[in-house]
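Structure first, then comments.
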């Protein structure tokens, strides 16, 4: 159970920011002796991987705060975030029963299951994020983009960090994220219905 929480939290983090959980996983493997990635994923803590992930992380953080560019970034990230979620889930869950310890053995012993789970979770979070961002940009003329992006980056960091260090806290954050997504979806629906109701009244 705890392994699923860890993997799910990392995948959800990737749904908000593709590179955040991968960078933190590599950094934790590099700096914290108690945390060791499976050998098949140890490349995440290599010098080249950390530099590349760090640069990509900074680029996404910056691009996601620029009105209009943030929507383009979300389109590009529609592939990258789910893929990163699959990698994060596979690399981050530590139990031998669920972890993908050897990516080369992807199709043996159901090793593909955590990857697919991570992809699905990250994709759902990404879709909710991108949909909410479009609605917020439409209502505020893009002025809300920087604040929303900063909040999403903070949530992505907190989810990934908690998953690595305090999984139970990550579980609570996942529940909160799910509740927030439900509230956001309801508000978007309510705002969409208001113009329709106004049109119907005017026509009557």
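The values are calculated or read from the model by the stated rules, or taken from the named source; none is laboratory data. Owing to the predicted nature of the structure, the values given are computational and were not obtained by experimental measurement. Here Cβ is always computed from backbone atoms with ideal geometry, including for glycine, and neighbour counts include all displayed protein chains.
Observations, loosely collected:
- Only listed residue being assigned to a helix (DSSP H, G or I), within 24 Å of residue 182 (Cβ to Cβ), modelled with pLDDT of 75 or more and over 14 Å from the mean Cα position of the chain (by Cα), chosen from 130, 120, 135: 135
- Residue 173 at pLDDT 70 or above, part of a loop (DSSP other than H, G, I, E, B) and closer than 30 Å to residue 69 by Cβ: no
- Annotation note: of 50, 69, 59, the sole residue that is at pLDDT 90 or above and surrounded by fewer than 17 Cβ atoms within 10 Å (Cβ to Cβ) is 59.
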